[in-house]
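FYI, it's all coordinate maths here, none of it is from the lab. Here the structure is a predicted model, which is why all the values come from computation and not from measurement. Cβ: placed from backbone, ideal geometry, glycine included. Neighbour counts: every protein chain shown.
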Amino acid sequence: MTDTTSAPLRGISPRTGEPVGDPVAVSTARDVDAAARAAARAFPVWSAVPAAGRAAALDAAADALDAARDELVAVADAETALGGARLTGEVGRTGGQLRLFAEVLRDGTHVRAVLTPADPAAGRPDIRRMRQAIGPVAVFSASNFPFAFSVAGGDTASALAAGCPVVVKAHEGHPATSAAVARIVAGALRAAGAPEGVLGLVTGFEAGAALVRHPAVKAAGFTGSQSGGRALYDLAAARPEPIPFYGELGSVNPVVVLPGAAAERAREIAEGYARSLTLGTGQFCTNPGLLFVPEDDALVDALAATVGAATAGAMLTSRIRDGYRARVAELDESTDLVPLAAGGAGGDSFAVAPRVWRLSLKSFADRLETLAEECFGPAGLVVTYPDLESLTEVLVSLPGSLTGSVHATAGDAAAAARVAAALRHRVGRLVHNGWPTGVAVCRAMHHGGPWPSTTAPLHTSVGAAAIDRWLVPIAYQDWPDGLLPPELQDANPLGIPRRTG
């Protein structure tokens, strides 16, 4: 990366294809270095702020987002065409994530404090263990969630809660939105007492690699394409000091419809599939890319009718639109795929049409490696299966996904259990009689899965457990009580949950 100044970034309206929003300067190598160094200076200060203080700062950031909702929605809608209702809800979700991690800090469970008293007879010293912040974190904004998975999204909220300053690499699809959120949230954090550098922003394609390579950065979170995530993952591993890289990449999210459900709810299932497939123009990491159905003409006909009647909107960027069209062209050339339905495309500049193809389970299995790839957009494969035995043999061979879903009746219970057993080691979340799109922000949520859905299936990027990625253990042996962190002192002055023994 050089210090040559590039032309400022401008958002491009998916509706018109024309530039929108204020220009945002592209970060130079010096800018990236300055942001990372500022985060490093902020780290000892921010990580030492008591949990209650960090919680108050997160609440203040959430309040600031709420207060600026109308401004932010207008800027984001111009750059993304996602619509006022969707974006208003997303601002609310983003504030909700910040408040969730404030709650996590207040209850103290994230520390996982454990005290093992000394046992002189056994020759064992006094050992006390807790978790602490890992250091400055790099976060990569996602294209499809300009708020909830971007500058102030779940990665940033969880890292700040852990005590880690954050440098965000803005997404090129919504630079003005990113700049506005960074200004509002950073200002709220400063007003709440956070140090300078606790939240930084860099822009431009080259800034991402430079940020991952920077020695001040100790971990990274990413939501995006498999190719982009893998390249950054490799950079993180190849550093002189390798760092953990938590990437959410591609996912096909298999959905299985069992015979009883197909017979009883064909129309309902078809309508649900069409809504899930086209929601947000299919630009969700939980889009149902693979639908396995019995060889049932009524259900297949209903799927063709509902998808054929659907209209998708605009894609977020011309690059995403062109990638979708290229993948659709590849699938159209496949002789074993039968076009099942083609919906309508809106009149926007980046608009595309929903597409669905039908093929047999055997044909899918023969080409599983190439057909079980994510197509980012409103496209899916409907795979017809002859029997449960053949189906489960294929399911256990699928690539890792964020979700797996099963539609069943009470009479399908035994079959549903077999399908769940086949899927549970291939996905991070199992859905019963529902659709995978939509991820609840709560303590129990797991939004992760085996490769290629994520680079670290142990962890989640949504929900309270997302904080785990930014915490590392530290054990104290035979330290005087007065020199221990409050979380480990005998009196437990913070009143946090602890385990002894």
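Here are the numbers for the structure shown:
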quantity	calculated
Within the chain, helix-based [θ] at 222 nm, where runs of 4 or more DSSP H residues each add -39,500 (n - 2.57), nearest 500	-12000 deg cm²/dmol
Cut-off 14 Å, label 7 Å out along Cα→Cβ of Ala67, residues of segment 79-112 by amide N	none
Which of Val252, Ala142, Ala345, positive extreme of dipole for the chain (C-beta unit charges)	Ala142
Relative contact order of the chain, defined on C-alpha pairs under 8 angstrom at six or more residues apart (%)	18
Fraction of antiparallel bridges per DSSP, the chain only, in percent to nearest 5	30
Cα long-axis angle, helix 318-332 against the chain (0 to 90 degrees, to the nearest 10)	40
Share of pairwise Cα separations in segment 254-432, more than 29 Å, in percent	15
Stokes-Einstein translational diffusion, segment 109-241 - Kirkwood Rh over all Cα pairs, 1.567 mPa s, 4 °C, in µm²/s	79
Using alpha-carbon coordinates, inclination of helix 69-80 to the longest axis of the chain, degrees	50
Distance from segment 306-322 to segment 331-397 (C-alpha centre basis), Å	16
Cβ-placed point charges (K, R +1; D, E -1), dipole of the chain about Cα centre in debye, nearest 20	1060
Segment 251-367: relative contact order in percent, alpha carbon pairs under 8 Å with at least 6 residues between	25
Segment 54-120-segment 440-501 distance, computed between alpha-carbon centres (Å)	18
Helix 297-308 vs. the chain, principal-axis angle (Cα, 0 to 90°, nearest 10)	70
Percent of Cα pairs exceeding the 19 Å cut-off, where the set is segment 333-437	52
Kirkwood hydrodynamic radius of the chain, from inverse mean 1/r over distinct Cα pairs, in Å	24.0
DSSP-loop GluC sites (Glu not before Pro) across segment 276-367, with at most 11 other Cβ within 10 angstrom	Glu333
Net dipole in debye of segment 254-432 [+1 Lys, Arg Cβ; -1 Asp, Glu Cβ; about Cα centre; nearest 20]	580
